[in-house]
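See below for the structure under consideration.
Taken together, the values in this text are just the output of simple stated rules run on the coordinates, not laboratory data. Bear in mind the structure is a predicted one, so any value in this text is a computation, not a measurement. Cβ placement follows ideal geometry from the backbone for every residue including glycine, while neighbour counts extend to all protein chains displayed.
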Amino acid sequence: MREDLLTEIETEYEQIRAENERTEDARKERIRAEQPEIYDLIRERQELIYNALRAIVSKGGDSDHLAEKMMRLTAEIREKLTAAGFPADYLAPVYRCPLCKDTGKVGELIKEPCECLKKAYQKKLREEIGLKSDRQETFENFNLYIFPDEALPGKKYSQRKLMEMRRKECEEWSDSYPKAEHQNLLLTGKSGLGKTFLLHAIAERLIERDVNVLIISAYKMLEIVRRAYFSNEETADEITDAEVLMIDDLGSEPLMQNVTVEQLFNLLNERQNKGLSTIITTNLTMDEIKSRYTERIASRLRARDKWKVITLEGKDIRS
Ligand SMILES: [Zn+2]
């Protein structure tokens, strides 16, 4: 999990717990004002606990039948609450998640993140990397019927059939990550063929599987890498160390001779050596990649044991 996001979530949980406490206090205050009889019972129960504790400390006192007395009092309080028109658990501790009581952690000796915290983390991560809030762009929602079913020029298959295969390849890659046959993916094809949708669908599936994904445009990515390169203070760790880095629209960024190629090459190299997966989408063909980024980068991406190339063809579906 990303430290920065986790810290934000922990702060949110602190706020939730403070809010819970305020709710508890307000409820207690209301009962004190409106139902003095019930309030007396609460105080009696409180006293019972104090006395029992005192008895334990001094070892002489009488803490017998404590559980029994407590249970009787609690039952009486619940009964009276209901009779007065309140929910029976009106004065019980308030929390949203019964599993972790809003601490975000479960487990006795070994603390693990609660399901609710994982959900909150996924939500925050999805927002952070720019995925649609309603989880629209998933493999399940990938609509093949928007693609024409006539055979592509010179091909035996239609664009729809091709997209069906491509969707399957991307889905299989996501499900088998990190044990996929290829470490990296390159999605190529002209604009409007569905590359970004597929990229987002992969991201959605990986996040579901608790993978840390970073989606970033090539433009923004190279800007961060460049800034870090020329400054002593900044780093590009979030990019070099992202579990799965998704570079959207390679080729749309301004090309700075020597700098862009060098930095892109280093980045791909570093991630490859660390065993981290990278996914790139681009409108460029392999030849165009070669002429824009030199043979050095093109040959990297052509390494068929490391990179799986997923090519999309056909008509721009947006027109
Ligand atoms: Zn929880």
Could you compute the FRET efficiency for Asp210 and Asp237, with r as their C-beta to C-beta distance and R0 at 22 Å, rounded to 0.05? 0.60
Taking the Cβ of each residue in Arg292, Arg318 as the centre, tally the other Cβ atoms inside 10 Å and list the residues starting with the fewest. Arg318, Arg292
Quick calc, Glu108 & Glu68: beta-carbon distance into FRET formula, R0 30 Å, rounding 0.05, result 0.65
Shape of segment 184-285, Cα gyration tensor, a/c cut at 1.5: oblate
Flagged as over-length at 32 Å C-alpha distance, from Lys132/Lys306; Lys80/Lys124; Lys105/Lys195; Lys132/Lys179, the pairs are Lys80/Lys124; Lys105/Lys195
Approximate spin-label separation Leu48-Lys119, in nm, with each point projected 7 Å along Cα-to-Cβ: 3.4 nm
Glu288 and Lys168 label points (each 7 Å along its Cα→Cβ direction) are spaced in nm at 2.8 nm
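What percent antiparallel are the DSSP beta bridges of segment 131-311, to the nearest 5?
The antiparallel proportion sits near 5 percent.
Please give the calculated 222 nm ellipticity per residue for the chain, where each DSSP H segment of at least 4 residues contributes -39500 (n - 2.57) and the sum is spread over every residue; nearest 500 deg cm²/dmol? Please report the intermediate quantities before stating the final value.
Details: 10 runs with 168 residues, N = 319.
Value at 222 nm, helices only, nearest 500: -17500 deg cm²/dmol.
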Using a Förster distance of 51 angstrom, determine the FRET efficiency expected from the C-beta separation of Lys156 and Arg227, and round it to 0.05. 0.55
For the chain, give me the percentage of DSSP beta bridges that are antiparallel, rounded to the nearest 5 percent. 15 percent
Could you tell me how far the Cα centroid of segment 249-319 sits from the Cα centroid of segment 62-103, in Å? 62 Å
nm² value of the averaged projected area, convex hull over the Cα atoms of the chain: 26.0 nm²
Residue ranges of DSSP H helices in the chain that stretch 30 Å or more (Cα, own long axis) and have mean Kyte-Doolittle hydropathy of at least -1.0 are 36-58
Counted neighbours (other Cβ, 10 Å), sorted fewest up, put Phe265, Phe142 in the order Phe265, Phe142
